[in-house]
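Please treat every number below as a calculation from the coordinates, not as lab data. From a predicted model like this one, the values you see are computed outputs, not experimental measurements. Glycine gets a Cβ as well: all are built from the backbone with ideal geometry, and neighbour counts include every protein chain shown.
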């Protein structure tokens, strides 16, 4: 990530607090990529498969953005945390909430709700970082958080939540109504 003119000066950030927070979100994003991959498999052959494939790609790109942000702050993600994230993501591949990939079960509903929770957490990350960006520009070469980029990421997380909510709403009758 390059330093930008419309961001917050690096010297104003409390990195002792911010970096562990960002690391934990990176762990969540690593797991999220795998969970959205599992959801795409669960919804294969349905009109929703493309939605989950697109969401997985977006989450993966946002994860890469977050990792670049962390590195731009002069930090390498924690080795232990990232090892735990990789281990958790292997569990995510198994899709423990919906291991048989059935769409008309409580497990499918819980899978969708878990995805919503992940997206809500990501929305909170971008909102939090936006709260750190001052209205006035920082001096060139001294800033790391870009308001425009963060606003785009925040909007994307809301749109992603809307997509998962739409799938949940459209598919709930098949799960919870008798035929």
Ranked list, fewest to most other Cβ atoms within 10 Å of each Cβ, for 158, 122: 158, 122
FRET efficiency, residue 130 to residue 110 (Cβ-Cβ, R0 22 Å, nearest 0.05): 0.15
